[in-house]
Each structure stands twice: as structure tokens, then as C-alpha cells.
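Participant: Let me begin by handing over the structure; questions about it come next.
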Amino acid sequence: MSYKNILEEIEDNILTITVNRPKKLNALNRETIQELHNAFKEARSNDEVKVVILTGSGEKAFVAGADISEFADFSPKEGKRLAADGQEKLFSYVANFPKPVIAAVNGFALGGGLELAMAAHFRIASDNAKMGLPEVSLGVIPGYGGTQRLPQLVGKGRAMEMIMTAGMIDANQALQYNLVNHVVEPDELLEFAESIANKIMKNSMVAIGAAIRAINANYEAGVNGFETEIQEFGRSFGTEDFKEGTSAFLNKRKADFPGK
Ligand code: COA
């Protein structure tokens, strides 16, 4: 499928999705959110796709936020719908995506941009990246999961400070805060993300999907993550990947997972 605001490339089972509105610093307008949803939905059922890398086009920005020009005149009701729709279509969709999603943060990740990076399963940043949730400087609060995911990643006090000051942190501070897992040179960012994707793909993608569900269960209100883990652990024993993984180990050979 071809899109107006995003680019897609599949190579060696890695789908790279690039938000492509560089003149607007890749700001997320409604159309882009819909296109990202469609791309993820398609990737979900495409067996060729095993890992997704999400990045922004140009050297300046990952995503500089939700497109402010689209919501400047919204009513409270419209604002509420904007957040609910965005969370359902994109941010929760990415967070609960059954295949690994890595954000390669290549510049500004602000507001909805940082929220998108935080919805991904983990983040790698280029050393010129800048991250923040500046919404209160516009008179709103983060609405795409930022008030929930930032404290989960950096701790409550740091999240409070970042959100209250509307300030930006650089890549090294983001590393220190556990907001990103690695910081690399800008021209090595995608290659580095791909090298991690390749390490992931040596393992059972079925088991990885189960691990994503179990890890995410810890962050769902009213769900007992330990119980989810027990269920997912038990289910693993019924998969062909489990039979292959254990028999390969016992026969001292490399596993070739069927992905079932
Ligand atoms: N929504 C809509 N347009 C945006 C945008 C956003 N979140 N972020 C950047 N843009 C647009 C700018 O309006 C500008 O468009 P124009 O050339 O048509 O005027 C273009 O992208 C380039 O941005 P500019 O501000 O000129 O770049 P800069 O290098 O001077 O500043 C930023 C970069 C990221 C500091 C600045 O663009 C910014 O503060 N953006 C908004 C960040 C934000 O508050 N995000 C949270 C939204 S909830």
C-alpha cells in the first residue's frame, strides 16, 4: 500500500516505517495517525514482517508532536475524542503490537512524538535527539499516553518535572533516565536498530509475542501480570516453536523456528 505521509520498506523481515512530513518536522496530523494505523494493521498479518522499526524522515526530527494546527480550535468534547481515537488507533495499538516495535529516535521527539516513541517496545536514540512533553506550554496535557508511560519509564518524580517544566532532555540524559536503551551516532542509528532486530529474530517470534503480552500485563489496570505470565508460559508448551527450540537445544543444533 502506498501512503502520503509515511514511507515503508521491508528488508530481511524488518519493516521500517518512516514518518515523512519533514517540512512539518513529521508532526502527526490525523491523516498520518490513520496511515500509521493502517501500516501497523497490515504488518500484523504480513508473515514477512517480524520486527518493526519506527523512525522519522530528515535529520532534524523523529516526530515534533501532534499537529498543533489541527486542534487549535477544538472544544473539550473534540479534544477528548482526539485523545481517545489516537490512543486506540495508534499509541495503544503500537504498545500492544504482537511483534517487536523499536523506535529509532533521530531528532526531536516532542509531545505526541515522544508518546509514539514511548508506545514502542523500546527506544534507541541518535546523539542529536531531543525529547520532551511540552504540552503544558500550550495549555493542554499529554493526551496520547504520555502521563502514564513517561512515569513508567523514568519514574514519577522525573516525569513530573519533565511534564511540568515542558522542557527537553538530550539523548544522554534520556539514556540516564532509562527513556532510551542506547545512544548512537546519527548515521549509525538505523543500522544499530537493525542489528538488534536481527538478534531478536534468532529467537521464537511466537514466544516473543507471548512475552510482550505478559510484560504489558503489568501495566494494565486490574490485570494480574503474574497470572498472565503463568497462562502465556503454559500456552508456550503447545507451540511448534517450543518443540523445535527444546529439541534443537537437546540435539546441540541451531533452532529453526517454524513461527507457529
Ligand atoms: N505541529 C504542527 N506543526 C509543527 C509542529 C507541530 N507539533 N512542530 C513543528 N511544526 C512545523 C512548524 O510550524 C514549521 O512549519 P512552517 O515552516 O510551515 O512554519 C515547521 O514545522 C518547522 O518548524 P520550526 O518551528 O520552524 O523549526 P525550529 O527548528 O525553529 O523549531 C521545534 C523546532 C521542534 C523546537 C519547534 O518546531 C516546536 O517547538 N514545535 C512544536 C513542539 C510541540 O509543542 N509539540 C507538542 C505538540 S502537542
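Readers should treat all values here as calculations from the given coordinates under stated rules, not as data from a laboratory. Since the structure is predicted, the reported quantities are computational estimates derived from the model, not experimental observations. We place every Cβ from the backbone using ideal geometry, glycine too, and count neighbours over all the protein chains shown.
Participant: Cut-off 10 angstrom, C-alpha nodes, Gaussian network model of the chain. Which of Ala193, Ala119, Ala72 fluctuates the most?
Facilitator: Ala72
Participant: Sort Glu48, Glu115 by Cβ crowding within 10 Å, fewest neighbours at the top.
Facilitator: Ascending Cβ contact count within 10 Å gives the list Glu48, Glu115.
Participant: Further question: Between Ser137 and Ser92, what length comes free when the chain is fully extended (0.36 nm per residue of separation minus the Cα-Cα distance, one decimal in nm)?
Facilitator: Once the chain is fully extended between Ser137 and Ser92, it gains 13.7 nm.
Participant: What is the dipole size for the chain, taken about its Cα centre, with +1 at each Lys and Arg Cβ and -1 at each Asp and Glu Cβ, in debye to the nearest 20?
Facilitator: It works out to roughly 480 debye.
Participant: Once you have a ≥ b ≥ c as the square roots of the Cα gyration tensor eigenvalues for the chain, tell me rounded if a/c is under 1.5, and otherwise prolate or oblate according to whether a/b is larger than b/c.
Facilitator: Prolate is the answer for the chain, as a/c is 1.5 or above and a/b outweighs b/c.
Participant: For Lys60, give me every one of the lysines with a C-alpha distance below 20 angstrom, ignoring sequence neighbours fewer than eight places off in its own chain.
Facilitator: Candidates past the 8-residue exclusion: Lys4, Lys23, Lys24, Lys130.
Participant: Report the residues of region 105-137 in range of a label on Ser236: point 7 Å along Cα→C-beta, backbone N strictly under 13 Å from it.
Facilitator: None, by backbone N distance to the label point.
Participant: Show that you can apply the helix-only estimate: for the chain, add -39,500 (n - 2.57) for every DSSP H stretch of four or more residues, divide by all residues, and state [θ] at 222 nm to the nearest 500.
Facilitator: The helix contribution divided over the chain gives -13000 deg cm²/dmol.
Participant: Ok, one more. If R0 is 25 Å, what FRET efficiency do you get for Lys4 and Ile68 from their C-beta distance, rounded to 0.05? If you can, show how the numbers build up before the last one.
Facilitator: On the way: r = 19 Å, r/R0 = 0.78.
The calculated FRET efficiency here is 0.80.
Participant: Further question on the same structure: Please rank Val180, Val223, Val206, Val49, fewest neighbouring Cβ atoms within 10 Å first, as an exposure proxy.
Facilitator: Val223, Val49, Val206, Val180
Participant: Quickly rank 231-237, 104-110 as a protection proxy: mean count of other C-beta atoms within 10 Å, highest first.
Facilitator: Packing order, densest peptide first, comes out as 104-110, 231-237.
Participant: Among Met201, Gly238, Phe226, whose Cα projects farthest towards the positive end of the dipole of region 195-244, with charges put on the beta-carbon of Lys, Arg (+1) and Asp, Glu (-1)?
Facilitator: Met201
Participant: So if we plug the beta-carbon distance of Gln152 and Lys77 into 1/(1 + (r/R0)^6) with R0 = 41 Å, what FRET efficiency do we get, rounded to 0.05? Working shown, then result.
Facilitator: Details: r = 28 Å, r/R0 = 0.69.
Efficiency computed from Cβ-Cβ geometry: 0.90.
Participant: Using modelled backbone amide H atoms (1.01 Å from N, in-plane), which distant-in-sequence or interchain residues come within less than 5 Å of Asn29's amide H?
Facilitator: HN-HN under 5 Å from Asn29: Asp67.
Participant: Could you tell me whether region 107-148 comes out rounded, prolate or oblate from its Cα gyration tensor? Rule is a ≥ b ≥ c as square roots of the eigenvalues, rounded for a/c under 1.5, then prolate if a/b exceeds b/c, otherwise oblate.
Facilitator: Cα axes put region 107-148 in the oblate bin.
Participant: Something else: Under a GNM of the chain (C-alpha, springs under 10 Å), which listed residue has the highest mean-square fluctuation: Ile17, Ile102, Ile212?
Facilitator: Ile212
Participant: Return the single residue from Gly225, Gly145, Gly112 with maximal mean-square fluctuation; model: Gaussian network over the chain, springs between Cα atoms under 10 Å.
Facilitator: Fluctuation is largest for Gly225.
Participant: Would you please classify the overall shape of region 20-171 from the alpha carbon gyration tensor, given that a ≥ b ≥ c denote the square roots of the eigenvalues, rounded means a/c under 1.5, and beyond that prolate means a/b larger than b/c while oblate covers the rest?
Facilitator: Values: a/c = 1.44, a/b = 1.20, b/c = 1.20.
Taking the square roots of the gyration eigenvalues as a ≥ b ≥ c, region 20-171 is rounded.
Participant: Share of antiparallel DSSP beta bridges in region 14-138, in percent to the nearest 5?
Facilitator: Expressed as a percentage, antiparallel bridges in region 14-138 total about 0.
Participant: Still on this structure: With +1 on each Lys and Arg Cβ and -1 on each Asp and Glu Cβ, how big is the dipole of region 96-250 about its Cα centre, in debye rounded to the nearest 20?
Facilitator: In debye, rounded to 20, region 96-250 gives about 300.
Participant: Of Met162, Met1, how do they rank once you tally other Cβ atoms within 10 Å and put the fewest first?
Facilitator: On the way: Met162 24, Met1 8.
By the 10 Å Cβ count, ascending, the order reads Met1, Met162.
Participant: Taking only C-alpha pairs under 8 Å that are 6+ residues apart, what is the relative contact order of the chain in percent?
Facilitator: Computed value for the chain: 15 percent relative contact order.
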